[in-house]
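Peer 1: Quick one: this structure, given as structure tokens, is what I'll be asking you about.
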Amino acid sequence: MSLFRAIATVGGLTMVSRIAGFVRDLLIARYLGAGPVADAFFVSLRLPNFFRSLFAEGAFTAGFLPLFSHIQAKEGHAAAQLFAERALSVLLLATFGFTLVAQIAMPAVIILLAPGFVDDPQRFDLSVTLTIITFPYLLFVSLASLYGAVLNCLGRFFAMAATPVLLNLVMIAGMLLLTPHVPNAGYALAWSVLVGGILQFLWLALDARRSGVDLRLRRPRLNDKLRRLFKLILPAALGAGATQVNLVVGLILASLLPAGAVSYLFYADRINQLTVGVVGAAIATALLPTLSAQLARDDHAGALVTQNRALEFGLLLALPSCAALLTIPFPIISILFQRGEFDLETARQTAATLLAYAVGLPGFVISRTLIPGFHARQDTRMPVKLALVSIAVNIGLSLALMPRFGHVGLALATALAASVNTLLLLYVLRRRGHWHADARLKGRTWRILAASVVMALALFALDRYLLPGWYAGGFSLRVAALVVLVGGGLLVFLLAALALGATRPAEWRTALRR
């Protein structure tokens, strides 16, 4: 499967997941709003997701996938499958032990993660209870990440990309069906997260078996390959999770602000992560096995071309998305979320937070496009060093901006830290000779930026002069306004991009071929 066909597969399913996620978030906003129960649930959701990104999907995939590709290219499929089986046994043992310790120490964990909840018994006790329910999700999603990495190495991207859709559907069903039978919707959502993780694991295990990869559990035993895996995993645990660490820093500091700050950050991040998830994650997912396979064959020229085209694709979607969120944050938040417990003031606060996050959106996307360039070369140490710089920048800016700007300052600090991380990644890759921008990437970047500015001007005109009357109408008219904004913005950007030569239809037809 070609790189861009793989990106289209992953990105398309991720978009379906995001749509299902919006439905889920609309229901969360309706049932929970931005009160104590919402804050408690978001903490319980953030904790296992943080460790999943840090260790399972982040560090483990970064170390496992290049090694699996190398072993398969040099020693054959049987040797690669044996390596995967031994890695599965070790991963199961490690995550089970970690989950058990976390369950026992959960009150202390919540004190560390959300210290501002200690003086609020309702939020603290509920956070502990809900996190005890959700945390075993980490065990099942970790196992799922290994199966997904194996499938991606084999060129099968569909099943892994569909797992978030499955989780969102389970959470929607749980909210609708369980809420009447539990103390509040937070409990229904927490149990749904756990059930969703179990189903994700079973889904990928069955798809791997259908693909001829039936992994068996073996007695955990270290060998040279597993030792190499651990050497790659340990530093990648920080590098791959830099963005998550920055978000958790924001969560800790937000817990010290008045009630609602955690929720403002969550809802705004959901919109911001739409592009990061659909574009950044799709590119990273498809790029890592592609680069790993090319480098295993010593095709360094091909790897350079692949890296540049991935960057071009990321910019083509990240820059207009950034321009749109900077131009019309309030209409997006208001139309999507403002109903029930999510009132006008909540919409305003969330929109201001979204605008701050949007400043770093290109950085969020491009960094995920660059990190595979290190991991495919089995270098997980340098991204760690750069991530530590990014975390330090985030903490410093958060402490400087929070007293004056509150939760908006925390979002802006996270965005600026992501941009710093991206610039450092670019600098190191170029200095090592692993990347340089070719003529096509240089020319396309400025054209994409110009087309994004044209689109932003069109959105500003629509928002200011054409649609204000629609915003004051009923739900259907407000949704129609959002459709006009999104559809009109996409159309203007596409026309401007074609006119300026930022992209060409023939290139897309070629890229999507097998």
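The values are calculated or read from the model by the stated rules, or taken from the named source; none is laboratory data. These figures come from a predicted structure and were not determined experimentally. Glycine also receives a Cβ, built like all others from the backbone with ideal geometry; neighbour counts cover every protein chain displayed. Remember, those area values only see protein heavy atoms, side chains included, never the ligands or the DNA or RNA. Shrake-Rupley method; radii C 1.70, N 1.55, O 1.52, S 1.80 Å.
Peer 1: Once fully extended, how much extra length lies between A499 and I111, figured as 0.36 nm per residue of separation less the alpha-carbon to alpha-carbon distance? Before the final figure, lay out each step's value.
Peer 2: Details: separation 388, 0.36 × 388 = 139.68 nm, distance 5.51 nm.
Contour length minus Cα-Cα distance gives 134.2 nm.
Peer 1: Right, another one. Label points 7 Å out from Cα along the Cβ direction at L26 and R381: separation in nm?
Peer 2: Each label point lies 7 Å from its Cα, and together they span 5.1 nm.
Peer 1: Moving on. Tell me which residues come under 5 Å, amide H to amide H, from N184 once H is placed; ignore anything under 5 positions away on its chain.
Peer 2: Result for N184 returns nothing.
Peer 1: Which whole-number percentage describes the relative contact order of the chain, with Cα contacts under 8 Å and a sequence gap of 6 or more? Mind showing how you got there, number by number?
Peer 2: Numbers: 782 pairs, mean separation 112.7, N = 514.
Averaging sequence separation for qualifying contacts and normalising by length gives 22 percent for the chain.
Peer 1: Quick one: what are the phi-derived ³J(HN,Hα) couplings along the stretch 298-304, Karplus 6.51/-1.76/1.60 with θ = phi - 60°, whole Hz, x for glycine and proline?
Peer 2: 6, 8, 6, 5, x, 5, 5
Peer 1: Once fully extended, how much extra length lies between R221 and Q103, figured as 0.36 nm per residue of separation less the alpha-carbon to alpha-carbon distance? If you can, show how the numbers build up before the last one.
Peer 2: Values: separation 118, 0.36 × 118 = 42.48 nm, distance 2.63 nm.
Fully extending the segment from R221 to Q103 adds 39.8 nm.
Peer 1: Where does each of D25, D379, D214, D298 land when they are ordered by accessible area, with a 1.4 Å probe and the largest first?
Peer 2: On the way: D25 0, D379 30, D214 75, D298 105 Å².
Highest to lowest solvent-accessible surface, that is D298, D214, D379, D25.
Peer 1: Distances longer than 29 Å among the Cα atoms of the stretch 150-309: what percent of all pairs is that? Write down the numbers at each step before the final one.
Peer 2: Details: 4815 of 12720 pairs.
I get 38 percent for the Cα pairs in the stretch 150-309 exceeding 29 Å.
Peer 1: Over the chain, how many pairs of lysines fall under 27 Å by alpha carbon, counting only those 8 or more apart in sequence or from different chains?
Peer 2: Values: K74/K225; K74/K231; K225/K385; K231/K385.
Pairs that pass both the separation and distance tests number 4.
Peer 1: Accessible area per residue, 1.4 Å probe, Å², for the chain: what's the number? Please list the in-between numbers first.
Peer 2: Details: 20890 Å² over 514 residues.
So the chain comes to 41 Å² accessible per residue, rounded to a whole number.
Peer 1: Just to compare against my own numbers: the Cα pair-distance distribution for the stretch 377-514, 5 Å bins, whole % per bin, please.
Peer 2: That works out to 2, 9, 10, 10, 11, 14, 17, 14, 8, 4, 1, 0, in percent per bin.
Peer 1: Would you kindly derive the ³J(HN,Hα) couplings of the stretch 329-343 from the backbone phi angles with the Karplus curve 6.51 cos²θ - 1.76 cosθ + 1.60 (θ = phi - 60°), listing them in order in whole Hz, with x for Gly and Pro?
Peer 2: x, 5, x, 5, 5, 4, 5, 6, 10, 6, 5, x, 6, 8, 8
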